[in-house]
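Everything on this sheet refers to the single structure shown next.
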Amino acid sequence: MKEFEYVRAATVSDALSMSGVGDTAYLAGGTNLVDHLRLGIKRPDRIVDISRLDLGGVEETADGGLRIGANVPNADLAADPLVRQRYPFVSEALLAGASGQIRAMASTAGNLLQRTRCVYFQDTTTPCNKREPGAGCSAIDGFGKYNAIIGQSDQCVAVHPSDLCLPLAALDAVVHVTGSDGDRKIPFADFHRLPGDDPSHDTNLVPAELITGIEIPPLPWAVRSHYRKVRDRASYAFALVSVAAAIDVSGGQVNDVRLALGGVAHKPHRARTAEDQLRDGPATAEAFEAAIDAELAAAQVGSENAYKIPMLQRTVVAVLQELVEGANR
Ligand SMILES: Cc1cc2nc3c(=O)[nH]c(=O)nc-3n(C[C@H](O)[C@H](O)[C@H](O)COP(=O)(O)OP(=O)(O)OC[C@H]3O[C@@H](n4cnc5c(N)ncnc54)[C@H](O)[C@@H]3O)c2cc1C
Ligand code: SF4
């Protein structure tokens, strides 16, 4: 492990001024960063510990949405009464991730910024464009089971690993950040990047920008929402595919729907084609199946990850049907 300097910030402005030195990394819960320091994936000159900053709390906003502090632990967010009542799939997604101990350490911002679990990214003996731009991508002709099926490039075929990010994408969450040029708000759809010709950047944050919180807009019908994760074993595993869905249905018609897919792309994939097709149409299994078929029409698969298409089809239809049956009860 490369030697680095450790400093602890007491305030947000401290953190910003401390981060102006060489290659700096913020440390929140450390559940991803510390692994990367040990593996030699991340080799910063300085670590700025932001875990004691006053960036906690889950609060209702004036318009009835929620503002979540960047440092709120995943376990606390999952257990928050407002989150559980209003956005149950946020809580379900968090509880589907990692383990109780890790969720107690992991922060909300860190969850958004966790890096891919591509096996080659984590193995520093293999070429990887994300770790070392220009080195090549070992996954393209290598182990392909987890590879992306939408939005991949000839530079990177990795998927985003977060569960939490799926309901946040479906809810049009907004990421609040601050940096040397002041504060800004980034719509969730613009926060993460597709790999294009530079997979080394996962997000559109600029260097040393700090996430201060996440805002979830109000969506009263998200009380009818669900997150389902399909994985190799029942717990402590990342998603093969996952689905975050919320639906507003009455009289057998879909009034509105939100759908995001995991295990699919380099960023949380919002299924807008399927949503558009479903809106104002029948709330039937046939319609759900046709909508997800339309969403995945452009997917590009190989022999090892082709299973993701039928797995997503079955999962989306099952989740939406369960939500509709719940609404009819
Ligand atoms: C064994 C294991 C299993 C896991 N399983 C799952 C799973 O099934 N599903 C899932 O979604 N996740 C899973 N995770 C990932 C886990 O959710 C993340 O490691 C965690 O959320 C990261 O949060 P952290 O606070 O520990 O981040 P850290 O490790 O402290 O930081 C992660 C990154 O975010 C940056 N960062 C942190 N906070 C800020 C901020 N406020 N502003 C700017 N940058 C910041 C850091 O610099 C670093 O680059 C697993 C992790 C482990 C170790
Ligand atoms: S898929 Fe991306 S992360 Fe994996 S080896 Fe290729 S460049 Fe690296």
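The values are calculated or read from the model by the stated rules, or taken from the named source; none is laboratory data. Predicted, not measured: the structure shown is a model, and the values here were computed from it. Reconstructed Cβ throughout: ideal geometry from the backbone, glycine too, with neighbour counts over all protein chains shown. The accessibility values were calculated without ligands, DNA or RNA, using every heavy atom of the protein model including side chains. Shrake-Rupley method; radii C 1.70, N 1.55, O 1.52, S 1.80 Å.
Observations
- Computed over the alpha-carbon pairs of segment 224-328, the distance histogram in 5 Å steps reads 2, 13, 25, 26, 17, 10, 5, 1, 0 percent, short to long.
- Principal axis extents of the C-alpha atoms in the chain (largest first, rounded to whole Å): 61, 50, 35.
- About its Cα centre, segment 221-311 has a charge dipole of approximately 500 debye under the convention of +1 per Lys or Arg Cβ and -1 per Asp or Glu Cβ, with nothing else charged.
- Theoretical gain in end-to-end length, Ala287 to Asn328 [0.36 nm per residue, Cα-Cα removed]: 13.0 nm
- Accessible surface, 1.4 Å probe, highest first, among residues Asp141, Asp293: Asp141, Asp293
- Rounded to the nearest 10 degrees, the inclination of helix 285-295 to the longest alpha-carbon principal axis of the chain is 40 degrees.
- Segment 54-60 - phi-based ³J(HN,Hα) in whole Hz, Karplus 6.51/-1.76/1.60, Gly and Pro as x: 7, 10, x, x, 10, 10, 6
- Where Cα atoms sit under 21 Å apart: lysine pairs in the chain separated by 8 or more or lying on different chains: 13
- A probe of 1.4 angstrom, applied to the heavy atoms of all protein chains, finds Met105 with accessible area near 110 square angstrom.
- Nearest 10 degrees, 0 to 90: helix 308-328 Cα axis against the chain principal axis: 60
- Residues of segment 269-286 with amide N under 14 Å of the 7 Å Cα→Cβ point at Asp256: 276, 279-280
- Over the chain, accessible surface divided per residue gives 44 Å², non-protein components excluded, 1.4 Å probe.
- Once the Cα-Cα distance is subtracted from the 0.36 nm per residue extended length, the Gln321 to Asp280 segment shows a gain of 13.1 nm.
- For Glu132 and Asn204, the FRET efficiency from 1/(1 + (r/R0)^6), where r spans their Cβ atoms and R0 equals 30 Å, is about 0.90.
- Shown here: segment 147-202, whose C-alpha atoms stretch 35, 26, 13 Å along the first, second and third principal axes, sorted largest to smallest.
- If the chain linking Ser51 and Ser17 were pulled fully straight, counting 0.36 nm for each residue of separation and taking away their Cα-Cα distance, it would gain 10.6 nm.
- For segment 1-147, diffusion coefficient by Stokes-Einstein and Kirkwood Rh (Cα), 37 °C, 0.692 mPa s, µm²/s: 191
- When only the Cβ of Lys, Arg, Asp and Glu is charged (+1, +1, -1, -1), the dipole of the chain relative to its Cα centre reaches about 740 debye.
- Of Thr315, Thr11, the order by accessible heavy-atom surface (1.4 Å probe, DNA, RNA and ligands excluded), from most exposed downward, is Thr11, Thr315.
- Cα centroids of segment 249-275 and segment 158-198: 18 Å apart.
- Largest-first ordering by accessible area, 1.4 Å probe, given options Arg8, Arg314: Arg314, Arg8
- Proximity of backbone amide H atoms, modeled 1.01 Å from N, is registered between Leu66 and Thr61, Ile216 at under 5 Å, excluding neighbours fewer than 5 places apart on the same chain.
- P(r) weight above 13 Å for segment 5-49, C-alpha pairs, percent: 51
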